[in-house]
Structure formats: C-alpha cells, structure tokens
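Have a look at the structure below, then the notes.
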Amino acid sequence: MKKRTAIVLALLIYASSFLGAQVLGQTAATVNLTRTVGITRQQVDRRLEELKKVGSISGIPSDRITRKQVLDSLISEILIKQAAERDSISVNQESLSSVINQQKREVEAQLGRPISLEEFQSVIQRETGYSWADYREQLQTQLLQQTYITQKKRALFQSVDPPAQQEVEALYRENATSFTNPEYVRISHVFVQTAKKTDAEVQEARAKIEEARKKFQSGEMSFDDLVLKYSEDENSRFRGGDVGFVTVDNQQIKSIYGRDFVDSIFKLDEGEVSGIIESNVGFHIVKATEHQQAKILSLDDPIAPDNPATVREYLRNRVFQERQQEVLQRATREVIEELQAEAEIVRYD
C-alpha cells in the first residue's frame with residue numbers, strides 16, 4: 001500500500017518552462033497559434049537532460065525519454081499556453097498553493113510526521129533537481145494545462161462514473177493479501193534530550209528523567225503530569241506526549257532513535273508505561289496507548305492507523321482516479337490535435 005508521491009510523475013508528464021529567445025541556426029521549431037514563439041535546440045537539450053534526471057529517480061530508463069517526445073511536449077505547452085491566454089483561462093495563486101499543500105501532505109504521510117515548508121522544499125530539490133522557484137513554475141504550467149483541458153473537454157470528464165460496489169468487492173477479493181497493516185504501536189512519551197550535550201549535561205538529563213520516573217512509580221504524579229512538567233518535546237508536550245503511530249517496519253524511526261528504542265516500545269502492552277528507555281537522541285518514558293498486531297485488512301478497515309479512509313474507499317477512489325486519468329489522456333490528445341490544426345508549426349530539428 002505504499003505509494004510514491006505524484007511529484008516526480010507529474011513532472012515527467014508535463015515538462016514546462018519555455019523561452020522566446022532564438023539563436024540563429026539553432027531553432028528546433030516555431031509555433032504560432034496567436035503569436036510566433038521559437039524553441040531552440042538548447043532548450044530541447046536542457047529539458048531532455050532534466051527529464052532523464054527526474055526519470056532516473058523513478059526508475060524510468062533514459063532511452064525511453066526521446067528528443068522527439070521533449071520537442072512535442074514543448075510545442076504542446078506553447079499551444080495550450082497561448083490558447084489559455086486567448087480564451088481568458090488562468091490559474092490563480094490560491095489554486096497553486098492548494099496543490100503545493102496537498103503534495104506537502106503526501107510527503108508528510110510518507111514520512112509519518114509533519115514537516116516545515118523548508119523541509120518540503122528540500123525534499124522537492126532532492127527528488128526533482130529543481131529549485132523551488134522552478135518547481136513552482138513547473139506546477140503552475142501543469143495546472144494551467146489541466147485547467148484548460150478540463151474546461152474544454154468538460155463533457156468527457158462528466159461522463160466518468162465511479163465504480164459500482166460489486167466492482168470494488170471483486171477487486172478486493174483479487175488483491176486481499178496486498179492490503180495489510182504491519183504491527184504498530186501508538187506512543188506518548190516524556191522526553192529529555194541528550195543530543196549534542198556534554199557528558200556532564202547528559203548526567204543532568206539522566207537525573208531529570210530518573211526523578212520523573214520515581215514520581216510516577218510512587219503515584220505522586222500521573223503520566224500526563226510528568227509530560228507537562230518534565231518533557232522537552234514541545235511538539236507533543238501539550239498533547240499528553242502523543243507522538244503518533246510507529247510501525248514495526250519504519251526505517252526512519254529506527255535510524256533516528258535507534259533499534260533498541262524501537263524494540264523496547266514494541267514490547268509494551270497497550271496502556272503500559274515503560275521504564276527509562278535510552279535512544280540516540282535522549283531519554284524517554286513511553287506509554288503505549290495502542291498496540292495492534294499485523295493483519296490482513298477487511299474492506300471496511302482503515303488503510304492505515306493514522307488514516308480513517310477504509311480499504312473500500314481507497315479502492316473506489318483508486319479506480320475512479322484511474323478512469324479520470326484515462327479520460328485526461330484522451331482529452332489531452334484531442335485538445336492538442338485541435339490546436340495543432342489551428343496553429344502554424346514548423347519543425348527544424
């Protein structure tokens with residue numbers, strides 16, 4: 001059930017960024033729907049290299065991305081951009097921000113934690129090779145293309161029907177063993193940091209967590225009270241120390257906190273409070289608020305512990321999106337063919 005974010009695939013489907021400048025003798029093509037725009041061979045070369053780099057990230061062989069495909073894509077972009085301007089179709093910043101926020105949420109779902117905008121921008125640069133400004137430009141071009149196509153082919157998209165219940169149930173039966181949840185535990189913790197501290201400061205941290213543990217064992221303070229008084233995790237401190245779900249196969253958690261920490265929290269029964277657990281970053285007193293064993297999911301089970309959508313809803317949405325994608329591809333072909341018939345296009349490359 002793991003799914004890569006749509007970031008890389010979207011950039012492969014829609015390349016963007018075209019320039020009007022031409023170099024004498026280096027023109028690959030000219031396009032004129034409402035005005036003449038040239039595409040240089042340097043632009044084609046640059047975009048081809050960019051797409052090969054992005055494609056390599058998602059495992060697409062470089063020889064499957066051809067020079068002709070890149071030139072066709074650049075021509076199509078110019079046609080749609082000029083047609084959108086002609087027909088007064090545009091994309092506002094609110095729509096662009098909405099797409100960016102959705103992609104950020106998808107990255108957060110994969111990482112299992114919230115991330116800052118700066119962290120998201122780093123992920124984008126690492127996965128695509130684009131600067132943040134270039135990435136926003138890519139998305140804006142993609143969104144303009146989709147907006148134009150869906151408006152011009154509205155009837156096609158309105159004809160797409162969601163799958164019937166029997167289709168969803170049949171698809172589930174065929175793939176039931178693919179829908180599993182690994183063993184997971186939801187934890188709250190009292191946390192005292194040791195990262196980047198001197199030996200003396202680490203001993204102070206140990207004394208602090210030991211004091212907290214003694215007050216809990218004696219009944220002097222509840223677990224929630226310990227969190228408020230002793231925990232140094234500001235993100236969870238005012239949520240009773242809740243840090244969410246940890247799955248047994250979460251390699252990122254193992255890398256950050258250490259395998260011993262993960263092994264210790266998975267030994268806890270639901271409702272049990274641990275002794276002092278040392279991790280790579282500090283000392284913890286952990287409470288397991290939920291603990292579920294691995295299982296094959298039924299149709300009406302949530303697809304993940306932190307996602308309320310059921311397997312039934314997931315399958316229904318997946319099939320519906322696949323149908324919409326097929327219609328989008330058909331609509332795109334039709335729009336491009338119609339615009340090509342209107343425009344004057346000269347290829348030199």
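Derivation of every value follows stated rules applied to the coordinates shown; laboratory data play no part. From a predicted model like this one, the values you see are computed outputs, not experimental measurements. FYI the Cβ positions are ideal-geometry reconstructions off the backbone, even for glycines, and counts take in every protein chain you see.
Using Cα atoms only, what is the angle between the long axis of helix 67-86 and the major principal axis of the chain, expressed in degrees (0 to 90) to the nearest 10? For helix 67-86, the angle is close to 80 degrees. Pairs of Lys residues in the range 80-236, spaced 8 or more positions apart or belonging to different chains, with C-alpha separations under 14 angstrom: 4 in total. For the range 304-349, the share of alpha carbon pairs falling in successive 5 Å distance bins from zero is 5, 17, 12, 14, 12, 9, 9, 7, 6, 5, 4, 0 percent. Checking the a/c ratio against 1.5 first, then a/b against b/c, what shape does the Cα gyration tensor give for the range 183-293? Because a/c hits 1.5 or more and a/b fails to exceed b/c, the range 183-293 counts as oblate. Taken along the Cα-to-beta-carbon direction at a fixed 7 Å, the label points for residue 338 and residue 201 span 6.5 nm. Indicate the gyration tensor shape class of the chain (rounded, prolate or oblate), computed on the Cα atoms with a ≥ b ≥ c the square roots of the eigenvalues: a/c under 1.5 is rounded; otherwise a/b larger than b/c is prolate and the rest oblate. It is prolate, given that a/c is not under 1.5 and a/b is the larger ratio. Each Cα pair under 8 Å and six or more residues apart adds its sequence gap; the mean of these over the residue count of the range 183-293 is a relative contact order of 43 percent.
What do you get for the angle between helix 117-128 and the principal long axis of the chain? Use alpha-carbon atoms, 0 to 90 degrees, nearest ten. For 117-128 against the chain, the angle is about 50 degrees. Helix-only arithmetic for the chain: the sum of -39500 (n - 2.57) across DSSP H runs with n ≥ 4, divided by the residue total, places the mean residue ellipticity at 222 nm at -17000 deg cm²/dmol. Taking a ≥ b ≥ c as the square roots of the Cα gyration tensor eigenvalues, with a/c under 1.5 meaning rounded and otherwise prolate when a/b beats b/c, else oblate, which class fits the range 80-148? Verdict is prolate for the range 80-148. Phi-derived couplings, Karplus 6.51 cos²θ - 1.76 cosθ + 1.60 at θ = phi - 60°, listed residue by residue for the range 284-299: 9, 10, 10, 10, 8, 7, 9, 8, 10, 7, 4, 7, 7, 7, 7, 4 Hz, with x used for Gly and Pro. Projecting the Cα atoms of 88, 248, 120 onto the charge dipole of the chain, computed from C-beta unit charges around the Cα centre, puts 88 farthest toward the positive end.
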